[in-house]
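The values are calculated or read from the model by the stated rules, or taken from the named source; none is laboratory data. Model, not experiment: these values are computed from the prediction. FYI the Cβ positions are ideal-geometry reconstructions off the backbone, even for glycines, and counts take in every protein chain you see. Protein only, heavy atoms only, side chains kept; ligands, DNA and RNA dropped before computing areas. Shrake-Rupley method; radii C 1.70, N 1.55, O 1.52, S 1.80 Å.
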Amino acid sequence: MARTIIDLSVFLENDVISDPPGYGPSIEYIDHKASVPGLLGFFPGLAANDLPDGEAWAIERVALTTHNGTHLDAPYHYASTMDAKIGDGGKRAITIDEVPLDWCFQPGVKLDFRHFSDGYVATAEDVEAELARIGHTLSPLEIVVVNTSAGDRFGYDDYVASGCGMGRDATLYLTERGVRVTGTDGWSWDAPFVHTAAEYAKSGDAGLIWEGHKAGRDIGYCHIEKLHNLESLPATGFTIACFPVKIRAASGGWTRAVAILDS
């Protein structure tokens, strides 16, 4: 059986606008020459000219938040509690090191929402209509990813403000059917803040702010943000792997998300 692996992740890199100002990654590259003093310190009496080509090692010093690059958000990111609609009416929200690994390796479903305008908040009806269009009925634990117009804007100055978001009702439509991991190629699962801020200024309704994220208070779930290459996926027929880095008690973890297609 032939297998194709499609990379769904963006680079962690300097000088590409992938986050709001002040929230981006910083990578310091230390090459084979710059690292020589550090190596010599481990071995008294060693000189640089004793090393092949006078080189030590290449390493990088990285400053990140757990939400830089392609990453998986844990329910703890959204609120301190989760599952208010399940069982005993709520519990402590799980952190990224507590996310069940079987949530992170499941059949995938792609919703194509590229036609929605920047800042549009997708509804449960939008999700239902797209599932009908692709002829798919959701099963528990399927990973649902949303292809927005933000995917084409990654690397451009307007990326963070691009794409539609998933509203509270749209999110609950998925989680009520057993979905526990979702994803988007946008900066956020919710609509870009610049658009939400404009709506909030008009209405004063704080419930509009992060409404898709905050749906995790009712049913705990994870989502992947800053996916890439979603346009290359079919609607169904693939598996997604998105295991997060194991960071103690963290709200998120970086992932090299991929889609696996067997044929």
Accessible area of ASP158 in the full protein assembly, 1.4 Å probe (Å², nearest 10): 60 Å²
Which percent of the accessible area of the chain is formed by carbon and sulfur heavy atoms (probe 1.4 angstrom)? 54 percent
Relative contact order of the chain, pairs being alpha-carbon contacts under 8 Å that are 6 or more residues apart, as %: 30 percent
Inter-centroid distance (Cα atoms) of region 20-62 relative to region 112-174, Å: 43 Å
Of LEU227, ILE247, ILE260, which is farthest towards the positive pole of region 177-263's charge dipole, taken about the Cα centre with +1 and -1 on the beta-carbons of Lys, Arg and Asp, Glu respectively? ILE247
Considering the chain as a Gaussian network with a 10 Å cut-off on Cα pairs, which listed residue, GLY237, GLY253, GLY220, attains the greatest mean-square fluctuation? GLY237
Whole number in Å², please: accessible area per residue of the chain, 1.4 Å probe, ligands, DNA and RNA not counted. 49 Å²
Using a 1.4 Å probe on the protein heavy atoms only, what accessible surface does HIS115 show? Give it in Å² to the nearest 10. 130 Å²
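Is region 111-263 rounded, prolate or oblate when judged by the Cα gyration tensor, a ≥ b ≥ c being the square roots of its eigenvalues, rounded requiring a/c under 1.5 and prolate requiring a/b larger than b/c?
Rounded, since a/c falls under 1.5.
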Is region 36-80 rounded, prolate or oblate when judged by the Cα gyration tensor, a ≥ b ≥ c being the square roots of its eigenvalues, rounded requiring a/c under 1.5 and prolate requiring a/b larger than b/c? prolate
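Given a Förster radius of 35 Å and the C-beta distance between THR4 and ILE94 as r, what FRET efficiency does 1/(1 + (r/R0)^6) yield to the nearest 0.05?
Computed FRET efficiency for THR4 and ILE94: 0.60.
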For region 139-184, with +1 on Lys and Arg beta carbons and -1 on Asp and Glu, the positive-most of GLY163, ASN147, THR182 along the dipole: THR182
Reachable lysines from LYS214, Cα under 27 Å, same-chain residues fewer than 8 places away excluded? LYS85, LYS91, LYS110, LYS202, LYS226, LYS246
Inverse of <1/r> over all distinct C-alpha pairs of region 56-162, i.e. the Kirkwood Rh in Å, gives 17.2 Å
Note the angle between two axes, namely the Cα long axis of helix 124-134 and the longest principal axis of the Cα atoms of the chain, as a number of degrees from 0 to 90, rounded to the nearest 10. 80 degrees
Options [x] 20.9, 72; [y] 17.7, 62; [z] 18.0, 56 - which one matches Rg and Dmax of the Cα atoms in Å as calculated here: [x]
Heavy-atom accessible area of GLU13 with all protein chains present, probe 1.4 Å, nearest 10 Å²? 60 Å²
What percent antiparallel are the DSSP beta bridges of the chain, to the nearest 5? 65 percent
